[in-house]
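What follows is a short report on a single structure.
The values are calculated or read from the model by the stated rules, or taken from the named source; none is laboratory data. Owing to the predicted nature of the structure, the values given are computational and were not obtained by experimental measurement. For neighbour counting, all protein chains shown are included, and Cβ atoms are generated from backbone atoms with ideal geometry for every residue, glycine included.
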């Protein structure tokens, strides 16, 4: 456990960008400090401050020098590589392209972390990120040779360890879809029933859907939500089948999704024009539902509008904290960082003119 420079209750936001990692903090979610710009030569797809241990993790994806995971025990001031990092064996014939996601394990397994990469594979560490092993069950899946990449590559970008069952986990792969294990990773099944693939020859295939983001209900473990290339969906049976809950959203397409942990039928997404992949019309909008998708409402108070407003948000560019009311955090691919301290009722522009933001994660210091 590292010693924090921050007072308990401080919200720490990590913004992974095209040009490094920005560390911001706030004690009231209204007044923010930009504490550091670190890892300045890295393309940071994702970063996490692990509330369980205080250790910070970040991806370092570099087109010239390759991809690696980095660790910090002083909240981002200095960084080092793990003792045994994430690399495919020479015999596999596979090469690490990008590291997409760092996901802490369950609360009662504080030394466990998961990482998702391109080409789609799942890695696990049982020692706080010091050594990493490939999960062979997914690696040897019988359909793997027929998986196809999405526009961003064959990326494993969502990892959901079931908080109620240590043997169950879901992952999201673009463009393969949702997959689930019920035996601790030994075997995996596709979990895409009733999710569409409008861009392919078969509308409802077993796999090949382009899932963009996946989250789990905090108290009803069989309830999952996903933002997909072709809709917004809810499952009430652990992914056995899905219901489209797009309802009155302006379109199907979007990347991010976040959930209010204290009101878990309250969800947030950013619906995007699929051609330009920015907001519809002249108003940048975060959409909110308070009834698990029966109806969506636009939240725009404090968000920009005008003929030149064309903002996009990537799949990890939005998240919510666990406070009540929930704080919601959005980073755009044009370098704006917006915060709502009141679950979407109002928004503040916290930072502007940043590099394109790939991801936003927040932690509350204990």
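When you scan region 247-261, how many residues do you find that are part of a loop (DSSP other than H, G, I, E, B), surrounded by 16 or more Cβ atoms within 10 Å (Cβ to Cβ) and either more than 20 Å from the chain's Cα centre (by Cα) or touching a residue at least 60 places away in the same chain (Cβ under 8 Å) (or both)? Please lay out each step first, then the result.
First, the residues of region 247-261 that are part of a loop (DSSP other than H, G, I, E, B): 247-253, 260-261.
Within this subset, residues satisfying the condition of being surrounded by 16 or more Cβ atoms within 10 Å (Cβ to Cβ) are 249-250, 252-253, 260-261.
Of the ones still in play, those that are also either more than 20 Å from the chain's Cα centre (by Cα) or touching a residue at least 60 places away in the same chain (Cβ under 8 Å) (or both) are 249-250, 260-261.
Residues flagged as part of a loop (DSSP other than H, G, I, E, B), surrounded by 16 or more Cβ atoms within 10 Å (Cβ to Cβ) and either more than 20 Å from the chain's Cα centre (by Cα) or touching a residue at least 60 places away in the same chain (Cβ under 8 Å) (or both) within region 247-261 amount to 4.
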query = Does at least one position in region 355-364 carry a residue that is loosely packed, with under 15 Cβ neighbours inside 10 Å, out of contact with any helix residue (DSSP H, G or I) (no Cβ under 6 Å at 6 or more places or on another chain) and closer than 28 Å to residue 210 by Cα?
reply = no
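Quick check, is residue 107 more than 20 Å from residue 158 (Cβ to Cβ), in contact (Cβ under 8 Å) with a residue 24 or more places away in the chain, assigned to a loop (DSSP other than H, G, I, E, B) and within 22 Å of the chain's Cα centre (by Cα)?
no
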task = Sort out for me the strands (runs of 3 or more DSSP E) sitting completely within region 16-101 that have 1 or more residues that are under 21 Å from the mean Cα position of the chain (by Cα), touching a residue at least 60 places away in the same chain (Cβ under 8 Å) and under 30 Å from residue 348 (Cα atoms).
result = 20-26, 47-49, 56-62
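For region 163-171, does any single residue satisfy the condition of being part of a strand (DSSP E or B), in contact with a strand residue (DSSP E or B) (Cβ under 9 Å, 6 or more places away or on another chain), modelled with pLDDT under 95 and under 19 Å from residue 226 (Cβ atoms)?
First, the residues of region 163-171 that are part of a strand (DSSP E or B): 169-171.
Imposing the further condition that a residue be in contact with a strand residue (DSSP E or B) (Cβ under 9 Å, 6 or more places away or on another chain) reduces the set to 169-171.
Adding the requirement that they be modelled with pLDDT under 95 leaves none.
No, region 163-171 has no match at all.
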Residue that is within 24 Å of residue 152 (Cα to Cα), free of Cβ contacts under 8 Å to residues at least 24 places away in the same chain and buried (at least 17 other Cβ atoms within 10 Å of the Cβ), where the choices are 333, 271, 279 = 271
note = Checking 212, 190 in turn, the sole residue that is touching a strand residue (DSSP E or B) at 6+ places or on another chain (Cβ under 7 Å) and closer than 20 Å to residue 256 by Cα turns out to be 212
ask   = List, please: which pairs have Cβ atoms under 6 Å, are six or more places apart or on different chains, and start with a residue in region 130-149 that is at negative phi and in contact (Cβ under 8 Å) with a residue 24 or more places away in the chain and end with one that is exposed (fewer than 12 other Cβ atoms within 10 Å of the Cβ) and not in a helix (DSSP H, G or I)?
value = 130/83; 131/83
remark   = Within region 181-207, the residues that are farther than 19 Å from residue 149 by Cα and part of a strand (DSSP E or B) are 181
remark   = residue 67 fails exactly one of (1) closer than 19 Å to residue 111 by Cβ; (2) buried (at least 20 other Cβ atoms within 10 Å of the Cβ), namely (1)
query = When you look at residue 116, is it in a loop (DSSP other than H, G, I, E, B) and surrounded by 14 or more Cβ atoms within 10 Å (Cβ to Cβ), yes or no?
reply = no
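One residue is enough: does region 25-36 have a residue meeting the conditions within 19 Å of residue 102 (Cα to Cα) and either at pLDDT 95 or above or surrounded by 22 or more Cβ atoms within 10 Å (Cβ to Cβ) (or both)? If you could, list the steps in order and put the result at the bottom.
Initially, region 25-36 is screened for residues within 19 Å of residue 102 (Cα to Cα), giving none.
No; the residues of region 25-36 include none that is within 19 Å of residue 102 (Cα to Cα) and either at pLDDT 95 or above or surrounded by 22 or more Cβ atoms within 10 Å (Cβ to Cβ) (or both).
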